[in-house]
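The structure under discussion appears below in the form of structure tokens.
Read-outs throughout are calculated quantities, based only on the coordinates presented, and are distinct from any laboratory measurement. The model shown is predicted, which means the values in this text are computed figures rather than measured ones. Ideal geometry is used to build each Cβ from the backbone, glycine not excepted, and the neighbour counts take in all protein chains shown.
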Amino acid sequence: MSRQRLARSRSLTMEDLPDVVQIAHGSGGKLTHQLIETLFVPVFDNPYLRALGDQAILNPSTERMALSTDAFVVKPYVFPGGNIGDLAVNGTVNDLLMGGATPAYLTASFILEEGLPTKELVVIVEAMATAAKRAGVQIIAGDTKVVERGAADGLYITTTGVGFVPQGIQWSPAHIRAGDAVIVSGTVGDHGASILAHRFGIDFENQIKSDTACLRDVVMAVRDLPGIRCMRDPTRGGLATTVQELSQTSGLNLRVRETAIALQEDVRGICEVLGLDALYLASEGKLVAVVAPEEADECLRIMRTVKESKDAAVIGEVTDDIPGFASLETYIGAVRVLDLLSLEQLPRIC
Amino acid sequence: MKLVDEYRDPAVARYLLEQIHELCDGQQSIMEICGGHTHAIVRSGMEQVLPPTVKFVHGPGCPVCVTPIAKIDQAIALARRPRTIVATYGDMMRVPGSSSSLLQEKAKGAHVKIVYSSLDAVQLAAENPDSEVVFFAVGFETTIPANGFSVIRAKQLGLTNYSMLSNHVLVPPVIRAVLDDPDVRIDAFLGPGHVSTIVGSQDYEFIPREYHRPVVISGFEPNDILESLVMILKQRREGRCEVEVQYSRAVTRYGNPRALDVVKDVFSPVEQDWRGIGAIAESGLSLREELRAFDAYHKFRDWMPEPRSEETGECICGDITRGVKEPRECASFGTGCTPERPLGACMVSSEGTCAAYYRYQHVTIQTGGARD
Amino acid sequence: MMCLAVPGEVLDIDGSMAMVDMAGVKRWVCIDLLGEVHPGDYVLVHVGFALQIIDEQEAQETLELLRACFQEDLHAAVGRQQEGD
């Protein structure tokens, strides 16, 4: 379907959609069909969806297949720097990429709240389409359910992704060795800071932008380097949780340096003001890579040529002195364990 | 970040640490009064790089930790009252009362709202004329003027649906209580920097005068604390006992007189219960008699629960808050008492001594690795 | 902290409120607890109130003093090392 036809068909049918989502949009009847045929199919446009079947049938590949699924329940669903739509695409795509897979297909399952303004749904669905295009994936199957007003925060989206892992790529924390370099692709905590400021209703004059982004270009740029041991995106729980998980799985110690970890100025500001620890705030467009020491410089050099990882830096090394635990070298040169966070962070005054 | 980054320079930290190692002879027990200092010390791993003879004793300066159970129960009772919004600082949400916490009440549907500022609570009252808004106000001298000011503002606005459940505590009386305690051995004090911006350094002059202990009022960045330690150790070596101010960029001798006037206008001193420590005369502040209309305790007298018994026996929070014991000496630490299921207040606040230890050091204790 | 307070620069003043920039985070804070405040001043902000004006000159002087000692010490150390060599 050409871009022109797509645009025309959408502008025609937009008028037919009611102002807000109704329970009947999830009933399987006329309104459900209308929503699928006027919104999802033309916006996500691809042959699998156009077939309107109960399933998408894929051709087998000789490569190994990666599969990942994630539910997105972010509140607010539109936030500075993005919305739940691009987040739902980027999140699952990034999870595939972290295994070295080339992302190919997504499915999307929507839980809509009765009364959700249709205009907002359109914006979110279009953001998904844009993100999918950027990520080089097709959204090939989906589902829509509607729940009563008050039973959801606007909408929830679950995406499942399929990707293919080329021969020779075997990334795993099991391959981490003492002496490896720990690289992060940019500033950390941006998404978490953006969301928390909103969630607690604490008004600031300026808005912190989420960093939601697709990591495809970053991963593709460095994927062929044989020294890459593994990658992880520091989403929920932030950088600290990611390095702790990698330490635990590898049975080694990922030691990161406080002076090497970069924060956006305003993320830093909000953490100081609300008493939050940025190391535990989610990023949605960053990755942590553990790389053999002899290839760390090359990996860094390549990453810095890609827009999404222009601020990449080596933030630490792998050691074997506290097996199974991550640690932080602080400003004053002391080393302490970086533990998992027990509970969600709340703003504090003390 | 200006006026912060300057105090995190690793090279200066190394220099200060060398000074500390040179100056230190003999055992030094230094109490940091303020929970903010506890947090900075533990977060930066400072104790590892100090000489083993320098020991921090974590003091009672965390309002979350010293708020009595009875007060939490009162806030919870008000949260359960129909058409009532309880507003409070995020810190208070997880503090366990005798059977619940404000966070649990919120999950059950109570109207509990986290505010960043006391004025946000006043705003909430203005926006919700059909509800009662109770501001559960806690704090030391730093926060008291801001909390007090909210009552002045509510009065100016003619709000009749705003009131305050007050749990305000004062530093000097609790230091006196600590120093009068025969179990407590403290050689010097790291004075609370932000409290001192309000009260001034003069509030601690009784410590060298009457108890012959040095006090250095410190900022909160790692190098602030290290520099304060150098100053303390110099006093010890030279046999001096005085109040010195390291945090001189924000602390003067007389503090902030306007803020102190607000405190006088709004509050009067009362006997205050300290969780884990007990009652101390004139160590708390409650709203003045003529402002009773804004005092939630009196306004909702009928809703106030009967006080229940204090901490369970397994928790040694009181000894920890007084600096007599360390978290690892508690049988419940890390087992019966964790941040997910706190027994006592020291585990609740992220500034609480036990929570800080649990978060940053419990692994070390288990493995015996990095620290020793 | 027992008082999490953050330094920020006063950008603008409107009656009893001032717009303060705290490391890129901007918010209106109440300045009624202070006497006179001017744009360009650095204030210490706690729970939405400015508690104190930060004495920047004092901050600068104490930092320079510390840095001077540090430099002196550094030179002495280098000197010692060279002697040792």
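Here is how the numbers come out for the structure above:
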quantity: Förster-model FRET efficiency, 35 Å R0, residue A:75 and residue A:307, C-beta, rounded to 0.05; calculated: 0.75
quantity: Summed residue charge, Cβ within 10 Å of residue B:166's Cβ, Lys/Arg positive, Asp/Glu negative; calculated: 0
quantity: In degrees, nearest ten, helix A:238-250 long axis to first principal axis of chain A (Cα); calculated: 70 degrees
quantity: Radius 11 Å from Cβ of residue A:319, net charge of other residues (Lys, Arg +1; Asp, Glu -1); calculated: -3
quantity: Mean residue ellipticity (222 nm) of chain B, computed from DSSP H runs ≥ 4 via -39,500 (n - 2.57), nearest 500; calculated: -10500 deg cm²/dmol
quantity: Label-point gap, in nm, between residue B:5 and residue B:29 - each point 7 angstrom along Cα→Cβ; calculated: 4.1 nm
quantity: Restricting the stretch A:249-312 to trypsin sites (Lys or Arg not before Pro) in coil, as DSSP defines it, with at most 12 other Cβ within 10 Å; calculated: A:310
quantity: Shielding by other protein chains, B:275-287, mean Cβ within 10 Å; calculated: 0
quantity: Neighbouring partner chain Cβ atoms per residue of C:15-27, average, 10 Å criterion; calculated: 6
quantity: Cα-Cα P(r), the protein assembly as shown, percent of pairs per 20 Å interval; calculated: 15, 44, 32, 8, 0
quantity: Mean ellipticity per residue at 222 nm, deg cm²/dmol - from DSSP H runs of n ≥ 4 across chain A, formula -39500 (n - 2.57); calculated: -9000 deg cm²/dmol
quantity: Listed residues A:291, A:221, A:349: farthest to the positive end of the dipole of chain A (Cβ charges); calculated: A:221
quantity: Peptides A:90-98, B:92-100 ordered by average Cβ neighbours within 10 Å, highest first; calculated: A:90-98, B:92-100
quantity: Karplus-derived HN-Hα couplings along the stretch B:126-134 (A = 6.51, B = -1.76, C = 1.60, θ = phi - 60°), whole Hz, x at Gly and Pro; calculated: 5, 7, 10, x, 8, 10, 8, 10, 9
quantity: Built amide H within the under 5 Å cut-off of residue B:141, gap 5+; calculated: B:171
quantity: Residues B:103, A:155, sorted so that the one with the fewest Cβ neighbours within 10 Å comes first; calculated: B:103, A:155
quantity: Cα gyration tensor shape of the stretch A:242-282, rounded if a/c is under 1.5, else prolate or oblate by comparing a/b with b/c; calculated: prolate
quantity: Estimated FRET transfer efficiency when R0 is 51 angstrom, pair residue C:74-residue B:340 (beta carbons, to 0.05); calculated: 0.60
quantity: Theoretical gain in end-to-end length, residue B:183 to residue B:288 [0.36 nm per residue, Cα-Cα removed]; calculated: 34.2 nm
quantity: Net charge over other residues, Cβ less than 9 angstrom from the Cβ of residue C:54 (K, R count +1; D, E count -1); calculated: -3
quantity: Cβ charges +1 (Lys, Arg) and -1 (Asp, Glu), total dipole of chain A, debye; calculated: 740 debye
quantity: Centre separation in Å (Cα based) which lies between the stretch B:83-161 and the stretch B:326-343; calculated: 29 Å
quantity: Computed helical MRE - 222 nm, chain C, DSSP H runs ≥ 4 contributing -39500 (n - 2.57), nearest 500; calculated: -12500 deg cm²/dmol
quantity: Integer Hz, Karplus 6.51/-1.76/1.60 couplings in order for the stretch B:273-286, x for Gly and Pro; calculated: 7, 10, 4, x, 10, x, 7, 10, 4, 6, 9, x, 10, 10
quantity: Shape metrics for the stretch A:3-165, restricted to C-alpha atoms - Rg then Dmax, Å; calculated: 15.4, 47
quantity: Stokes-Einstein D in µm²/s, Kirkwood radius over Cα pairs - chain A at 37 °C with 0.692 mPa s viscosity; calculated: 154 µm²/s
quantity: In degrees, nearest ten, helix A:265-274 long axis to first principal axis of chain A (Cα); calculated: 90 degrees
quantity: Förster radius 22 Å - calculated FRET efficiency between residue A:259 and residue A:175 (Cβ-Cβ, nearest 0.05); calculated: 0.20
